[in-house]
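Q: Okay, here's the structure, questions in a sec.
Computed from the coordinates by the stated procedures, all read-outs in this text should not be read as laboratory data. Computed from a predicted model, the values in this text were never measured in an experiment. Here the Cβ positions follow ideal geometry from the backbone for every residue, glycine too, while neighbour counts run over all protein chains shown.
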Amino acid sequence: MKKIAVFVSGGGSNLQSIIDSVESGSLSLEIAVVISNKDDAYGLTRARNHGIPTRIVRHGDFDGREEFESRLISILDGYKVDLVVLAGFMRVLTPTFVRHYRHRIINIHPAILPSFPGTHGQQQAFDYGVRFSGCTTHFIDEGTDTGPIILQAVVPVLPEDTVDSMAARILREEHRIYPESLRLWAAGRLQIEGRKVRILPDDQSDGVK
């Protein structure tokens, strides 16, 4: 069974959706470890409640990103992780880290990429006055939210919406498409072709390339 590591910095509700999918049997992979750069991230509590190993790696304890990421790589290699899953991890990964795990890092972004990349995607979309927003799962590359897109979900922006009510509706879709993206990956059905991710039929599964 393939192993993933989940990186969190906060509440970890997307982590919970992944845990629930694993425990229900609808997602066939092992969460080998949950890693956070913050001691008080509630995602760590979620992991511990389900008997999942956790590690805290405080970025402030290191002299620069290279040393910080070297420690992360050491932990991931120790757990023999196949995929890194970013679930609200509020640190930018360097090109060195991304190249080390080429095509083996997946992220979820709370907007319809390529629109509104970076932080506060929901607020950006809301302030812009969009009629529809949503979320995107994608492979990480060396840019900011520029990697090949796996799945997207769209939600309407209602006249009575606040940014919080819109964000809550987006979050429900995040909880749906993140486990589904990981199911496709675990089944070997994601194939990267340039900027695009092709979703293979079951009988053609041969893994990410």
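Q: Which value, in debye to the nearest 20, gives the size of the charge dipole of the stretch 130-209 about its Cα centre, when Lys and Arg are +1 and Asp and Glu are -1 at the Cβ?
A: Roughly 180 debye, rounded to the nearest 20.
Q: For the stretch 48-119, what ratio Rg/Rh do Cα atoms give with a Kirkwood hydrodynamic radius?
A: Reported Rg/Rh, Kirkwood definition of Rh: 0.98.
Q: If you don't mind, another one. Over the chain, one equal point on each Cα, no solvent: what is log10 I(q)/I(0) by the Debye formula at q = 0.09, 0.15 Å⁻¹?
A: Calculated log10 I(q)/I(0) at the listed q: -0.34, -0.97.
Q: For the chain, give the magnitude of the charge dipole about the Cα centre (Cβ charges: +1 Lys/Arg, -1 Asp/Glu; no others), in debye to the nearest 20.
A: Computed charge dipole of the chain: roughly 360 debye.
Q: If you take the charge dipole of the stretch 54-165 about its Cα centre, with +1 on Lys and Arg Cβ and -1 on Asp and Glu Cβ, which of Y128, G143, P156 is farthest toward its positive end?
A: It is G143, whose Cα lies furthest towards the positive end.
Q: Here's another thing I want to ask about it. Read phi for every residue in the stretch 32-37 and hand back ³J(HN,Hα) as whole Hz from Karplus 6.51 cos²θ - 1.76 cosθ + 1.60, θ = phi - 60°, with x for Gly and Pro.
A: Once rounded to whole Hz, the list reads 6, 7, 10, 10, 9, 8.
Q: Related question: For the chain, with a Gaussian network of springs between Cα atoms less than 10 Å apart, report the residue from V33, V155, V130 with the top mean-square fluctuation.
A: V130
Q: Let me ask something additional. Would you give the gap between the C-alpha center of the stretch 29-67 and the C-alpha center of the stretch 174-198, rounded to a whole Å?
A: Each part reduced to its Cα centre gives a spacing of 24 Å.
Q: Then there's this: Specify the inter-centroid distance of the stretch 68-115 and the stretch 148-171, based on alpha-carbon positions, in whole Å.
A: 24
Q: Residues with beta-carbon under 13 Å from that of A41, excluding A41: net charge, scoring Lys, Arg +1 and Asp, Glu -1?
A: Around A41, the charge tally is +4.
Q: Also: So for the stretch 42-184, averaging the separation of alpha carbon pairs under 8 Å that are six or more residues apart and normalising by length, what relative contact order in percent results?
A: 17
Q: Using θ = phi - 60° and the Karplus relation 6.51 cos²θ - 1.76 cosθ + 1.60, list the HN-Hα couplings for the stretch 44-57 in order, rounded to whole Hz, with x at every Gly or Pro.
A: 5, 5, 4, 4, 4, 4, 10, x, 8, x, 10, 9, 10, 10
Q: For I105, what residues show an amide H to amide H distance below 5 Å, using hydrogens built from the backbone and excluding near sequence neighbours?
A: Amide H to amide H, under 5 Å and 5 or more residues apart or across chains, I105 pairs with V84, I140.
Q: Quick one: if the Förster radius is 22 Å, what FRET efficiency do I56 and K2 give, using the C-beta to C-beta distance and rounding to 0.05?
A: The computed FRET efficiency comes out at 0.35.
Q: Specify the residue with the greatest mean-square fluctuation among E193, E160, E67, computed from a Gaussian network of the chain linking alpha-carbon atoms under 10 Å apart.
A: E160
Q: What relative contact order, as a whole-number percentage, does the stretch 1-102 give when Cα pairs under 8 Å and 6 or more residues apart are counted?
A: Contact order relative to length: 37 percent.
Q: Residue by residue through the stretch 108-120, what is 3J(HN,Hα) from phi via Karplus (6.51 cos²θ - 1.76 cosθ + 1.60, θ = phi - 60°)? Round to whole Hz and write x for glycine and proline.
A: Once θ is set to phi - 60°, the couplings for the stretch 108-120 become 10, 10, x, 7, 8, 5, x, 6, 6, x, x, 6, 6 Hz.
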